[in-house]
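The values are calculated or read from the model by the stated rules, or taken from the named source; none is laboratory data. Because the structure is predicted, anything quoted here is derived from the model rather than measured. Here Cβ is always computed from backbone atoms with ideal geometry, including for glycine, and neighbour counts include all displayed protein chains.
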Amino acid sequence: MGIVDFLRVMPKAELHVHIEGTLEPEMIMSKAEENGVKIPYRSVGGIRNAYRFNDLQSFLNIYYSGMSVLVDRDDFRDLALAYFKRAHQDGVRRAEVFFDPQAHLRRGVNLSDVILGLHDAAAWAMENLRMSIDYIMCLLRDLPEDDGISVLQEALKYRGGVGDGWIIGICLDSKEYGNPPSKFRNAYRIAVDNGLIPVAHAGEEAPAEYVWEAINVLNARRIDHGYHAFEDESLIKLIAEKGIPVNMCPLTTLRIKYFNSILDVPVKRALDAGIAVTINSDDPAYFGGYILDNYIAVYEGQGLRLIDMVKLAENSIRASFLKDSDKDRLL
Ligand code: HPA
Ligand code: ZN
């Protein structure tokens, strides 16, 4: 078996993927036509050409505009179905999938259409692909906390147990700089009081201080991205000692120009420091690669050994929110 097949068949969990970031240009075109939504592109090639990013914000502008073609329950089902089929080919057996309710509500889309469509797809993939799937709702951190609290309260009726294909967690995404975790302490308190698991994007573009806050103020059970944590030795020590997993997305960091080279993405550094680092795709339709492409990029780019790759896949299963007995079945 070649290395790519080896990396493909390893059972793995995807813990950092935005379902709206799996919207491929072909689906943007077909949904725009189907739903009569005007888009500023005439071809799939024209869409792909627009995917040149300088930083997080330049990506977010395109990402929010792309999702404008998603309108009804079937659109969200089709979007998620396409992702589950694709992820399944890459050996993903468990997916904890982000979505951005506020980005749809503010366009006039019903929350029930978003969540029921996503659940339809999860139910199909759990039945037909034998995957285990749940959702994590994200609050847009550049909007006021009160706005997040009101959508959270509406979304709580779609909370489910682990493996039910409903919402199990709360996260923060969108423009990080200037929107620290502490801005959302009340929203997280409500979410946790209602049984949601807290995680957060932190240290993606903002400094290590934001990672401290995600851990100390929000009690985040996992850190998403976390690159700037590596500028603070005491923080790295704490993350390793507490066993807080860090979900990295190598191809994102190159496309958004956080790093110039794959060598600079701190995957190997995290492994060496004893951190439970995982590899994920983030927004694969925009950043040029699904989870397997990200595994291949770090394997080839960082000179990792096969045993490191096995460890990364094992970390992903262990860092998931599955019950221990279900993790054991995948390991
Ligand atoms: N970071 C912040 N917000 C996002 C991202 C991300 O990687 N993807 C989609 N929204
Ligand atoms: Zn993300």
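Checking the conditions here, which among ARG94, ARG73 is at pLDDT 95 or above, basic (Lys, Arg) and within 21 Å of ILE223 (Cβ to Cβ)?
ARG94
Within segment 120-132, can one find any residue that is of a type in the set (A, V, I, L, M, F, W, C) and either in contact with a Cys (Cβ under 8 Å, 6 or more places away or on another chain) or within 16 Å of ligand 1 (Cβ to nearest atom) (or both)?
Taking every residue of segment 120-132 in turn, none turns out to be of a type in the set (A, V, I, L, M, F, W, C) and either in contact with a Cys (Cβ under 8 Å, 6 or more places away or on another chain) or within 16 Å of ligand 1 (Cβ to nearest atom) (or both).
Determine whether segment 184-192 contains at least one residue that is within 16 Å of ligand 1 (Cβ to nearest atom) and more than 17 Å from LEU235 (Cβ to Cβ).
yes
Mind counting the residues in segment 14-44 that are within 16 Å of ligand 2 (Cβ to nearest atom) and not in a loop (DSSP other than H, G, I, E, B)?
Qualifying residue count, segment 14-44: 7.
Answer yes or no as to whether ILE149 is of a type outside the set (Asp, Glu), within 18 Å of SER320 (Cβ to Cβ) and either touching a strand residue (DSSP E or B) at 6+ places or on another chain (Cβ under 9 Å) or not in a helix (DSSP H, G or I) (or both).
no
What tally of residues in segment 45-76 results from selecting those that are within 12 Å of ligand 1 (Cβ to nearest atom) and part of a loop (DSSP other than H, G, I, E, B)?
So the answer is 2.
Show the residue pairs that are 6+ apart or on different chains and have beta-carbon atoms under 7 Å apart, the first residue being within segment 19-32 and free of Cβ contacts under 8 Å to residues at least 40 places away in the same chain, the second being assigned to a helix (DSSP H, G or I).
These pairs meet every condition: GLU26/VAL44; MET29/VAL44; ALA32/VAL69.
What number of residues in segment 105-116 are surrounded by 23 or more Cβ atoms within 10 Å (Cβ to Cβ) and either out of contact with any His (no Cβ under 6 Å at 6 or more places or on another chain) or not aliphatic (A, V, I, L, M) (or both)?
Qualifying residue count, segment 105-116: 1.
Filter segment 213-222 for residues that are buried (at least 20 other Cβ atoms within 10 Å of the Cβ) and away from ligand 2 (no atom under 14 Å from the Cβ) and give the result.
GLU213, ILE215, LEU218
How many residues does segment 218-245 contain that are of a type in the set (A, V, I, L, M, F, W, C) and within 16 Å of ligand 1 (Cβ to nearest atom)?
4
For PHE184, work out the one condition from (1) in contact (Cβ under 8 Å) with a residue 40 or more places away in the chain; (2) not in a helix (DSSP H, G or I) it doesn't fulfil.
All conditions are met except number (2).
Which of the residues spanning segment 17-74 are among the basic types (Lys, Arg) and closer than 20 Å to LEU111 by Cβ?
LYS31, ARG73, listed by residue number.
What number goes with the only condition from (1) farther than 23 Å from ALA220 by Cβ; (2) more than 16 Å from ligand 1 (Cβ to nearest atom); (3) in contact (Cβ under 8 Å) with a residue 12 or more places away in the chain that ARG329 does not pass?
Status for ARG329: all satisfied but (3).
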